[in-house]
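A short worksheet on the structure shown next.
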Amino acid sequence: MRRLLPAFLLLALLAPATGAQAKVPRGWLGVSVGPEYVARYSSLTAEFKRMRKAGVRTARLAVYWSKMQRTGPGRTNFRNTDRIVTAAAGARLPLLPVVLDAPHWATGDPNRPIHTPRDPADYARFLTKLVDRYGPTGTFFKRHPKLRRVPIRSWQIWNEVSNPWYWDVNYASEYPQTLKAAYDAIKAVDAGARVIQAGLNTGGAGTSWDAQEALYREYDRLGIGRPFDQIAVHVYTSRVSDALKVVRKTRDVAARYGDAARPIYVSELAWPAAKGKLRDEHGHKRDFFAATTDRGMARRLSQGIRLLARHRKDLGISGVDWFQWVSAYKGTDDAFRYSGLRRIVRKRVVDQPAMKAFKKVARRLRG
């Protein structure tokens, strides 16, 4: 026994530190992806299969209302979304659509970069069409009986409403009514669907948890309860440890408004490899606070995802999505051109160093 004891201790020390407690539920780890961008350089079917093989269990993507009902509510163009759903189903990969951008006929301000809806009911009717087609009782899979059934069960209602690019300064007073209308429309078709509040970010209007508090105040003023199943935050920080701070601060706000048990979904997380790549309008170097190098991105990805996984239960973190699957890795205006796990090289898509880190952490989290 005395001879065996040191060997036993050595094995214990060498065992993975994550262990069973870090194992996450199915669907917990995902990525954001731009299907139209991916299809320009690769096959959607091939890329979705690569995602699945890499450990991705949810693919988050933007669905632009403006592109599907250009001329009015009477005609909806499902061609591109049908193609995406087909490719994802073939790879057994659940999709999480972020539905945004009103068509010109449905907005009160056509001069905005992303158009907000004039009437929440128009947006709700569009969501009804989407769930009627791609939900668990939808027409799409009935019309394609040979296709593996992977219905869409999660819907995110708009993106970064606290960011002036996606909504104006009146987001706190306007977005809750749109969210409520969307929630009721989705649940009427699929009562078991997961409705996710727009991911909130830290910007000129304050922190993401300040934005969350502003929304809670409006929910209570309107008396509409909590028309969402999950809160969402977008985590971009200079230090990996501050990723946890964002979630904790959000959890504190939720608790103050009697919503302590509501799951928090990190629908965007990234440390772009944009260090030294960005320039201002005069050609001078500029910094992005979360930017790093290729090696730094791989390291922070691993550290950040593992950190959030370790605190999954005590902070109620329902999932984490890396932003993003593929990006250009060229240009000087946007740090997120350098956040992809894969990149475009001479019209081909190849892995970045962060891909290896993502695969490794995905394996560890699956146990």
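Which ³J(HN,Hα) values, rounded to whole Hz and listed in residue order, are derived for the stretch 248-254 from phi using the Karplus coefficients 6.51, -1.76 and 1.60 in 6.51 cos²θ - 1.76 cosθ + 1.60 with θ = phi - 60°, glycine and proline given as x?
5, 5, 5, 4, 4, 5, 4
Got the relative contact order for the chain handy, in percent, Cα pairs under 8 Å and 6 or more residues apart?
17
Test of understanding: in a Gaussian network model of the chain with alpha carbons linked when under 10 Å, which of Asp82, Asp280, Asp334 would top the mean-square fluctuation ranking?
Asp280
Suppose only helical runs count, i.e. DSSP H with n ≥ 4. What mean residue ellipticity at 222 nm does that imply for the chain under -39500 (n - 2.57) per run, divided by all residues and rounded to the nearest 500 deg cm²/dmol?
-12500 deg cm²/dmol
So if R0 is 51 Å, what FRET efficiency would His284 and Lys359 give, r being the distance between their Cβ atoms, rounded to the nearest 0.05?
0.85
Explain nothing, just the number: dipole magnitude of the stretch 168-324 about its Cα centre with +1 on each Lys and Arg Cβ and -1 on each Asp and Glu Cβ, in debye rounded to the nearest 20. Before the final figure, lay out the partial values.
Working: 25 positive and 19 negative charges, 173 e Å.
With only Lys, Arg, Asp and Glu charged at Cβ, the dipole is about 840 debye.
Of the candidates Gln324, Gln69, Gln212, which one comes out as most mobile in a Gaussian network treatment of the chain with C-alpha springs shorter than 10 Å?
Gln69
Would you mind estimating how fast the stretch 58-203 diffuses translationally, via Stokes-Einstein at 20 °C and 1.002 mPa s with the Kirkwood radius over Cα pairs, in µm²/s? Provide the component values of the computation, followed by the final result.
Numbers: Rh = 15.5 Å.
In µm²/s, the coefficient rounds to 138.
Give, rounded to the nearest 20 debye, the magnitude of the charge dipole that the chain has about its Cα centre when Lys and Arg contribute +1 at Cβ and Asp and Glu contribute -1 at Cβ. Can you show the working numbers first?
Numbers: 66 positive and 31 negative charges, 525 e Å.
Using only the charged Cβ atoms, the result is roughly 2520 debye.
Tell me the angle of helix 44-54 to the major Cα principal axis of the chain, expressed in degrees between 0 and 90 and rounded to the nearest ten.
Once rounded, one gets 40 degrees.
Name the residue farthest towards the positive end of the dipole of the chain from the options Leu127, Gly72, Leu44, assuming +1 on Cβ of Lys and Arg, -1 on Cβ of Asp and Glu, about the Cα centre.
So the residue we want is Leu44.
Please state, as a whole number in µm²/s, the translational diffusion coefficient that the Stokes-Einstein equation yields for the chain at 20 °C and 1.002 mPa s, with Rh defined as the Kirkwood radius across alpha carbon pairs.
100
Check cross-link reach from Lys53 to the aspartates and glutamates: straight Cα distance under 14 Å, and skip same-chain residues fewer than eight apart.
The reachable aspartates and glutamates, counting only those whose Cα sits under 14 Å from Lys53, are Asp351.
Specify the residue with the greatest mean-square fluctuation among Pro103, Pro151, Pro353, computed from a Gaussian network of the chain linking alpha-carbon atoms under 10 Å apart.
Pro353
Please get the size of the charge dipole for the stretch 111-228, origin at its Cα centre, with Cβ charges of +1 on Lys and Arg and -1 on Asp and Glu, quoted in debye to the nearest 20.
About 960 debye.
Can you flag which of Lys23/Lys180; Lys49/Lys249; Lys313/Lys359; Lys49/Lys360 are past 29 Å Cα-Cα?
Details: Lys23/Lys180 34 Å; Lys49/Lys249 36 Å; Lys313/Lys359 22 Å; Lys49/Lys360 17 Å.
Cα-Cα > 29 Å for Lys23/Lys180; Lys49/Lys249; rest within.
Throughout, read-outs are computed from the coordinates displayed, never taken from laboratory work. This one's a predicted model, so the numbers in the text were calculated from it and none came from an experiment. Note: ideal-geometry Cβ built from the backbone for every residue, glycine included; neighbour counts use all protein chains shown.
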